[in-house]
1. If you scan region 64-90, which residues turn out to be in a strand (DSSP E or B) and open to solvent by 60 Å² or more (accessible area, probe 1.4 Å)?
2. Within region 62-95, track down each residue that is β-branched (V, I, T) and farther than 20 Å from K163 by Cβ.
3. When the residues of region 185-203 are filtered to those that are among the charged types (D, E, K, R) and surrounded by 11 or more Cβ atoms within 10 Å (Cβ to Cβ), which remaining residue is nearest to the chain's Cα centre (by Cα)?
4. Here's a check for you: in region 10-59, which residue that is over 17 Å from G128 (Cα atoms), open to solvent by less than 90 Å² (accessible area, probe 1.4 Å) and hydrophobic (A, V, I, L, M, F, W, C) is modelled with the lowest pLDDT?
5. If a residue has to be open to solvent by 40 Å² or more (accessible area, probe 1.4 Å) and either basic (K, R) or out of contact with any Leu (no Cβ under 8 Å at 6 or more places or on another chain) (or both) to count, how many in region 144-158 make the cut?
6. For region 92-130, which residues satisfy the criterion of being under 14 Å from the mean Cα position of the chain (by Cα) and over 16 Å from I140 (Cβ atoms)?
7. Being more than 24 Å from K100 (Cα to Cα), in a strand (DSSP E or B) and in contact with a strand residue (DSSP E or B) (Cβ under 9 Å, 6 or more places away or on another chain) is true for just one of I26, I61, I32. Which residue is that?
8. Could you tell me which residue of region 95-128 is least open to solvent (accessible area, probe 1.4 Å), considering only residues that are in contact (Cβ under 8 Å) with a residue 60 or more places away in the chain and in a loop (DSSP other than H, G, I, E, B)?
Amino acid sequence: LIAAISIFIYSNGSAQNNNTNSLGEIHGNFEINAQYYLDDTLIGTTTAQEKMLSNAWSNIIYTRGNFTAGFRFESYLNALQSIDPKYKGTGIPYRFVTYKVEDLEITAGNFYEQFGSGLVLRAYEEKGLGIDNCFDGIRIKANPFRGIYLKGLVGMQRNYFSKAGLVRGFDGEINLNEFCKNLEEKKTKVILGGSFVSKFQAD
């Protein structure tokens, strides 16, 4: 798999040098974490049910002008110890398309998002801790006026290899230093923001 992906990326990368505008660009990465478990009487470990476990994933991203699309393949065979065993099997739980034109960006599929400091809403990924609560839906970002930033989203939240909970959210920020020209050079930066989030999830 690693060799196939490497050849694919290299061949497309070579073609890009000749005609970047028509072909776009492909980027990707691959990572695997595997552990082999042994008994250790000195620290009193218990006998592992499986001697070898592994987590692996690969990201493929395609970009061309204002268009971006990608997916992530994940494999837990089986999940490493300390990672929730509900991560089990293989699949493509993350895929998306994004189109951006001037001050408007639209994403369909999976995405991560944070409103402000993340107190009201935060979807993020931390593979080392077994955390991935991305959204699967639609997100719109807009910058209608200088210093004003808006976000809106609706989507289901990831729950291992399934989905749970419908989330709707809106976030708005105004950067006063950008909005008011006479504040541009001020050392004090002021950003005002507000968010609304609702979530429905059956018991």
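The values are calculated or read from the model by the stated rules, or taken from the named source; none is laboratory data. Since the structure is predicted, the reported quantities are computational estimates derived from the model, not experimental observations. In this analysis, Cβ positions are derived from the backbone assuming ideal geometry, glycine residues included, and neighbour counts consider all displayed protein chains. Note: accessible area is taken over every heavy atom of the protein model, side chains too, but ligands, DNA and RNA are not part of it. Shrake-Rupley method; radii C 1.70, N 1.55, O 1.52, S 1.80 Å.
1. Going residue by residue through region 64-90, those that are in a strand (DSSP E or B) are 64, 67-76, 89-90.
R64, F67, F71, F73, T90, listed by residue number.
2. Going through region 62-95, the residues β-branched (V, I, T) turn out to be 63, 68, 83, 90, 92.
Passing the criteria: T63, T68.
3. In the first step, residues of region 185-203 are kept if they are among the charged types (D, E, K, R); the result is 185-187, 189, 199, 203.
With the extra rule that they be surrounded by 11 or more Cβ atoms within 10 Å (Cβ to Cβ), the set shrinks to 186, 199.
Details: K186: 34, K199: 20 Å.
That would be K199.
4. Within region 10-59, the match that is modelled with the lowest pLDDT is A15.
5. Residues of region 144-158 open to solvent by 40 Å² or more (accessible area, probe 1.4 Å): 144-146, 149-151, 154, 156.
Filter again for either basic (K, R) or out of contact with any Leu (no Cβ under 8 Å at 6 or more places or on another chain) (or both), leaving 145-146, 149-151.
The qualifying residues number 5.
6. Looking only at region 92-130, we keep the residues that are under 14 Å from the mean Cα position of the chain (by Cα), and these are 92-98, 107-114, 122-127, 130.
If the condition is that a residue be under 14 Å from the mean Cα position of the chain (by Cα) and over 16 Å from I140 (Cβ atoms), then I92, P93, Y94, R95, R122, Y124, E125, E126, K127, G130 are the ones that fit.
7. On the way: I26 fails: more than 24 Å from K100 (Cα to Cα); I61 fails: more than 24 Å from K100 (Cα to Cα).
Among I26, I61, I32, only I32 is more than 24 Å from K100 (Cα to Cα), in a strand (DSSP E or B) and in contact with a strand residue (DSSP E or B) (Cβ under 9 Å, 6 or more places away or on another chain).
8. Here is the first cut: in region 95-128, the residues in contact (Cβ under 8 Å) with a residue 60 or more places away in the chain are 115-116, 120-121, 127.
With in a loop (DSSP other than H, G, I, E, B) added as a condition, the list becomes 116, 120.
Numbers: G116: 46, V120: 86 Å².
Across region 95-128, the extreme among qualifying residues is G116.
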